[in-house]
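Reviewing the structure listed below.
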Amino acid sequence: MQPIVIGIRFQKVGKVYHFDAGSFQDIRPGDFAVVETSRGRQLGEVVKIIDDPQKPHEGAWKPIQRKATPRDLLLRQLWQQKEIEAMINCRAKAAELDIPDVKIVAAEFSFDGVRLSFLYSTEDGDKVDLRPLRSAMRRAYPKSRVEMRQIGPRDVAKIIGGMGACGLETRCCSMFLTEFSPISIKMAKEQGISLSPSEITGMCGRLRCCLIYEYEQYVNARKQLPKRNKRVVTPMGEGRVIDTYPLKDAVLVDVEEVGQHEFQREDLQPWDELEALRRKSEAPCDRHENGGCTCGEGNS
């Protein structure tokens, strides 16, 4: 029998992980389930049923342990309320131990309090010896298994939240991005965006995630348009392309003796192709002398 595969999310805006619902045939999106993960037992929300699941690369899907009970949900809420206090205590202890260039970003308890993870970042991204801090936190929270987990600047921005560099009240990463895509300077260049750091850098100090949103559309649109400095024939005459507007499917052309005008792609013809046809039509036929000409000029 085909297993029922469900997608579970452990954070409000987080990646969706697939699990086998097993014998819990009545589980539906909106329900909560307890599962075993690499970080211990976790409680997550079922966000979707996978209609046509692809087999995992290795092994099989992990089964859920059970549907969450009201007690599980209450337990999760109680431990979540203690996370801010744990983060503050960890920050104070880090300052007391004089650990430089380390920022404690958040603390996360598993739903039953068995595991406590402190998320931290460093200025340069290098590893830092936090064994003294971890030992101190273990003494402060003896009933939990304490671990220190380093995260990158984008994850820091996602957790902290706040206004985006573009002016959005909530940053994209905190609002809907479940995972981060690779971003490059090439994406900004392709869209004609200024390479000024203030224009392309997000609040995390990295290239803005939104540079990828319309990148493919720009690439596909540019393939259909003549490139800059290309000569074209327009309804107003011949000219040279000085700028392109991919999303408008148009170009700005400097037309000789007329000036700059914007034209849609369907109104343009490539000058070089028309020029090649003109030259071909004006070239003398090399078969005139042999009497095999079919162009009509050699038979007059």
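All of the numbers you see were taken from the coordinates with simple rules; none came from a lab. Since this is a predicted model, take the numbers as computed values, not measurements. As a convention, Cβ positions derive from the backbone with ideal geometry for all residues, glycine included, and neighbour counts pool all protein chains shown.
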Exercise. Cα axis of helix 271-282 to longest principal axis of the chain: angle in degrees, 0 to 90, nearest 10?
Worked result: 30
Seminar exercise, completed: Cross-link reach from Lys62 to aspartates and glutamates, straight Cα distance under 13 Å and at least 8 residues apart if same chain, gives Asp20, Glu36
Seminar exercise, completed: Cα-based Rg and Dmax for the chain, in Å, come out at 31.3, 108
For this session: Working from Cα positions, state the angle (0 to 90°, nearest 10) between the long axis of helix 70-81 and the longest principal axis of the chain.
Result: 80
For this session: May I ask for the distance between the Cα centers of the range 14-69 and the range 97-127, given as a whole number of Å?
Result: 27
For this session: Compute from the Cα atoms of the range 212-271 the Rg and the Dmax, the latter being the longest Cα-Cα distance, and quote both in angstrom.
Result: 11.5, 40
Seminar exercise, completed: Relative contact order in percent for the chain (Cα pairs under 8 Å, 6+ apart) equals 9
For this session: Rounded to the nearest 10 degrees, what's the angle between the helix 215-224 long axis and the longest principal axis of the chain, both from Cα atoms, 0 to 90?
Result: 10
Exercise. Can you flag which of Lys93/Lys158; Lys127/Lys186; Lys186/Lys223; Lys15/Lys55 are past 27 Å Cα-Cα?
Worked result: Lys127/Lys186
Exercise. In percent, how large is the relative contact order of the range 5-68, given Cα pairs closer than 8 Å and 6 or more residues apart?
Worked result: 42
Problem set entry | Label-to-label distance, nm, for residues given as His18 and Gln77 (7 Å Cα→Cβ offset) | 3.4
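Test of understanding: what is the full-extension gain from Leu247 to Ser194, defined as 0.36 nm times their sequence separation minus their Cα-Cα distance?
17.4 nm
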Problem set entry | Length-normalised contact order for the range 32-151 - Cα pairs under 8 Å, 6+ apart - percent | 22
For this session: Can you spot the lysines whose alpha carbon is less than 16 Å from Lys82's alpha carbon? Ignore those fewer than 8 places along the same chain.
Result: Lys143
